[in-house]
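The values are calculated or read from the model by the stated rules, or taken from the named source; none is laboratory data. This is a predicted model, so every value here is computed, not measured. Every residue, glycine among them, receives a Cβ derived from its backbone with ideal geometry; neighbour counts consider all protein chains shown.
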Amino acid sequence: AQSVSQHNHHVILSEAASLELGCNYSYGGTVNLFWYVQYPGQHLQLLLKYFSGDPLVKGIKGFEAEFIKSKFSFNLRKPSVQWSDTAEYFCAVNPDNTDKLIFGTGTRLQVFP
Amino acid sequence: EAQVTQNPRYLITVTGKKLTVTCSQNMNHEYMSWYRQDPGLGLRQIYYSMNVEVTDKGDVPEGYKVSRKEKRNFPLILESPSPNQTSLYFCASSFDRYEQYFGPGTRLTVT
């Protein structure tokens, strides 16, 4: 079955530290990839997306993600986190021949000043 | 303002009492979807709809029904709720199935 794995369930960082959140998926065909963010008490918002082309995509608020096809990965990165980045982050995959959006279990990020 | 609205935002009910959670979007989106969010399980898709009168099952459809009689509305129906349906529910819509706009969520407790 198609699945999305986020191995980091809870990440705690200090401000200015660098961030990398892992995302791996199990699907051999073409995929569209997304990262969503859920700030405390708010609904999910799209952070960035990858459909095709340059595998390094830039999103809002200084986030970026790299698609590595050979590793079935789409890791999220930010060079220097801020307290306001405290949130839950979800990776999502849309296998190109389906109408479904499959989410990972999420990574809770806590950033301390 | 472009938005997805859900009602009610909070609901406590008892086992077996039918309920409906409404979802409405004002962006003329064709694609709408329902998810439930549970700790440690992330978001799981319940049902989705590609257009009016076109719906399909997601990963966890058991115990739920949906309808899409109008483009803007996509209600989620629990005919006989059970405690294992206690969860946080999100409705989402998109122009296609890709960039989804999420509603604020409905926290349902079934006792």
- Item | Options B:Leu76, B:Leu88; residue that is in contact (Cβ under 8 Å) with a residue 40 or more places away in the chain, more than 24 Å from A:Asp96 (Cβ to Cβ) and within 11 Å of chain A (Cβ to nearest Cβ) | B:Leu88
- Task: Could you please tell me which pairs satisfy a Cβ distance under 9 Å, a separation of 6+ or placement on different chains, a first residue in the range A:45-74 that is closer than 20 Å to A:Ala17 by Cβ, and a second residue that is polar (S, T, N, Q) and surrounded by 11 or more Cβ atoms within 10 Å (Cβ to Cβ)?
- Result: A:Ile60/A:Gln45; A:Lys61/A:Gln82; A:Gly62/A:Ser80; A:Gly62/A:Gln82; A:Ala65/A:Asn75; A:Glu66/A:Ser73; A:Glu66/A:Asn75
- Message: Looking only at the range A:1-49, count every residue that is out of contact with any His (no Cβ under 7 Å at 6 or more places or on another chain) and over 18 Å from A:Asp99 (Cβ atoms) and tell me the total.
- Response: 33
- Search the range B:48-62 for residues being away from chain A (no Cβ under 11 Å) and within 14 Å of B:Tyr89 (Cα to Cα), and hand back the single one that is modelled with the lowest pLDDT. B:Val60
- Item | Members of the range A:1-36 that are within 11 Å of chain B (Cβ to nearest Cβ) and either surrounded by 11 or more Cβ atoms within 10 Å (Cβ to Cβ) or farther than 14 Å from A:Arg108 by Cβ (or both) | A:Ala1, A:Gln2, A:Ser3, A:Val4, A:Ser5, A:Gln6, A:Asn32, A:Leu33, A:Phe34, A:Tyr36
- Which numbered condition B:Leu19 misses (of (1) surrounded by 12 or more Cβ atoms within 10 Å (Cβ to Cβ); (2) under 21 Å from B:Asp96 (Cβ atoms)): (2)
- Query: Can you pull out the residues in the range B:22-47 that are facing chain A (nearest Cβ under 10 Å) and buried (at least 20 other Cβ atoms within 10 Å of the Cβ)?
  - Reply: B:Tyr31, B:Ser33, B:Tyr35, B:Gln37, B:Gly42, B:Leu43, B:Gln45
- Task: Check off (1) touching a residue at least 24 places away in the same chain (Cβ under 8 Å); (2) of a type outside the set (Gly, Ala, Ser); (3) within 14 Å of chain A (Cβ to nearest Cβ) for B:Pro81 and give me the number that stays unchecked.
- Result: (3)
- Item | Search result, residues across the range A:37-68 that are under 19 Å from B:Tyr98 (Cα atoms), out of contact with any strand residue (DSSP E or B) (no Cβ under 7 Å at 6 or more places or on another chain) and more than 14 Å from chain B (Cβ to nearest Cβ) | A:Gly53, A:Asp54
- Residue within the range A:80-87 that is charged (D, E, K, R), surrounded by 13 or more Cβ atoms within 10 Å (Cβ to Cβ), out of contact with any Phe, Trp or Tyr (no Cβ under 8 Å at 6 or more places or on another chain) and modelled with pLDDT of 95 or more present: yes
